Amino acid sequence: MVAPILWMAGLCAGAWLVVAAVAPQLNPEALLGMVGPLASALATWIVVARTAAAAPEKTTGVMVTETVRNALRALGATNMAFERIDQVAMPVLDEE
């Protein structure tokens with residue numbers, strides 16, 4: 001159960017380090033953009049793994065419930081991201 005969690009966290013950290021090295025101006029947004037989905041995936045993985053070990057017949061129901069919760073979290077995160085975009089001055093590309 002621990003190995004997939006370490007892989008997910010390690011790959012996310014590695015991707016963030018690459019983004020921070022290549023495009024430092026995206027650093028806080030990239031980190032926050034990765035932490036939310038990572039936390040959601042880790043929580044889902046732990047809940048489903050524990051349910052499968054304790055009561056395998058309930059795994060499908062738990063997976064459906066977690067999918068709905070993750071969709072609601074993603075909706076909330078998207079809403080917060082759009083509010084942040086309105087607050088941060090974004091460069092405009094001139095088309096010439």
Would you mind finding the one in ALA74, ALA49, ALA41, ALA9 that is in contact with a helix residue (DSSP H, G or I) (Cβ under 9 Å, 6 or more places away or on another chain), at pLDDT below 85 and either loosely packed, with under 14 Cβ neighbours inside 10 Å or assigned to a helix (DSSP H, G or I) (or both)? ALA74
Quick check on VAL35: is it of a type in the set (Val, Ile, Thr), within 18 Å of the chain's Cα centre (by Cα), surrounded by 10 or more Cβ atoms within 10 Å (Cβ to Cβ) and assigned to a helix (DSSP H, G or I)? yes
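The values are calculated or read from the model by the stated rules, or taken from the named source; none is laboratory data. Since the model is a prediction, treat every value here as computed from it, not as a measurement. We place every Cβ from the backbone using ideal geometry, glycine too, and count neighbours over all the protein chains shown.
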